[in-house]
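Novice: Handing you a structure now.
The values are calculated or read from the model by the stated rules, or taken from the named source; none is laboratory data. Quantities reported herein were computed from a predicted structural model and do not represent experimental measurements. Here the Cβ positions follow ideal geometry from the backbone for every residue, glycine too, while neighbour counts run over all protein chains shown. Ligands, DNA and RNA are excluded from the accessible area calculation, which covers all protein heavy atoms including side chains. Shrake-Rupley method; radii C 1.70, N 1.55, O 1.52, S 1.80 Å.
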Amino acid sequence: MLREWDEEDIPALIEMYDDPEISRWTPVPSPFDADAAREYLGRARGARAEGRRIQLAITADGGQPQGEVLLFQDELDERDVELAYGVGPRYRRRGLASEAVAVTTEYAVHRLGARRVLLRIEAGNAPSAAVARSAGFRPTADEPVQREAKRRRVLLETWCHRNGEPVS
């Protein structure tokens, strides 16, 4: 089940993002404390209000957040939607990320009319690649996308799931 984040979720947000594996693969600040969590939620709410991004807590039953899935317009082609995701250390290997990505992909295709739904994954991020495959995504021949994260240049491979069908 996916739901909006709220102030009561700050401890769960800290637990999830103050993890070395999350820090390694994402641009969130590290260490991730209560101040960073409040700022993160504030930016998320602002981006949602402006229609730029949706950030939802991944839960098993609508309660305790166990991860997060993000949906936003692709920076290279406005017809495409990009997703990102993360799961807290206590909740990994349960299929939560794959299920959240699948649900969010369906939303992007059927409700937003996305031409393509994309994931951008750094080479070597085997857990994210496993989630992508499980959710029906495949690597594309697109040139790697360069982004800056934590003062280092990151090259991200593009994975695609077009209109609900895997791209070969």
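Novice: Filtering region 1-28 down to residues that are free of Cβ contacts under 8 Å to residues at least 40 places away in the same chain, open to solvent by 20 Å² or more (accessible area, probe 1.4 Å) and part of a loop (DSSP other than H, G, I, E, B), which residue is nearest to residue 122 (Cα to Cα)?
Specialist: Filtering first and then ranking leaves 18.
Novice: Here is a further query. Within region 16-30, identify whether any single residue is charged (D, E, K, R) and within 22 Å of residue 157 (Cα to Cα), and answer yes or no. Spell out how you get there, then give the answer.
Specialist: As a first pass, look at region 16-30 and keep what is charged (D, E, K, R): 18-19, 21, 24.
Adding the requirement that they be within 22 Å of residue 157 (Cα to Cα) leaves 21, 24.
Within region 16-30, one or more residues are charged (D, E, K, R) and within 22 Å of residue 157 (Cα to Cα).
Novice: Looking at region 141-160, I want the residues that are part of a strand (DSSP E or B) and have a partner that is open to solvent by less than 20 Å² (accessible area, probe 1.4 Å) and modelled with pLDDT under 90 with Cβ atoms under 6 Å, at least 6 apart or on another chain. Which pairs are those?
Specialist: From residues that are part of a strand (DSSP E or B), the pairs are 147/154; 156/145.
Novice: Open to solvent by 40 Å² or more (accessible area, probe 1.4 Å), farther than 21 Å from residue 6 by Cα, touching a helix residue (DSSP H, G or I) at 6+ places or on another chain (Cβ under 8 Å) and touching a residue at least 60 places away in the same chain (Cβ under 8 Å), is that true of residue 127?
Specialist: On the way: open to solvent by 40 Å² or more (accessible area, probe 1.4 Å): yes; farther than 21 Å from residue 6 by Cα: yes; touching a helix residue (DSSP H, G or I) at 6+ places or on another chain (Cβ under 8 Å): yes; touching a residue at least 60 places away in the same chain (Cβ under 8 Å): yes.
Considered against the rule, which asks whether it is open to solvent by 40 Å² or more (accessible area, probe 1.4 Å), farther than 21 Å from residue 6 by Cα, touching a helix residue (DSSP H, G or I) at 6+ places or on another chain (Cβ under 8 Å) and touching a residue at least 60 places away in the same chain (Cβ under 8 Å), residue 127 comes out as yes.
Novice: Given the structure, is residue 78 outside any strand (DSSP E or B), over 16 Å from the mean Cα position of the chain (by Cα) and either surrounded by fewer than 17 Cβ atoms within 10 Å (Cβ to Cβ) or among the charged types (D, E, K, R) (or both)? Quick ask: steps written out before the conclusion?
Specialist: Details: outside any strand (DSSP E or B): yes; over 16 Å from the mean Cα position of the chain (by Cα): yes; either surrounded by fewer than 17 Cβ atoms within 10 Å (Cβ to Cβ) or among the charged types (D, E, K, R) (or both): yes.
Yes; evaluated as a whole, the condition is true for this residue.
Novice: Residues in region 29-39: is at least one in contact with a Leu (Cβ under 8 Å, 6 or more places away or on another chain) and of a type outside the set (A, V, I, L, M, F, W, C)?
Specialist: No: zero hits.
Novice: Here's a follow-up. Scan region 31-61 for residues that are under 19 Å from residue 93 (Cα atoms) and not β-branched (Val, Ile, Thr) and jot them down. Talk me through it step by step, then tell me what you get.
Specialist: Step one: of region 31-61, the residues under 19 Å from residue 93 (Cα atoms) are 57-61.
Answer for region 31-61, where residues must be under 19 Å from residue 93 (Cα atoms) and not β-branched (Val, Ile, Thr): 57, 60, 61.
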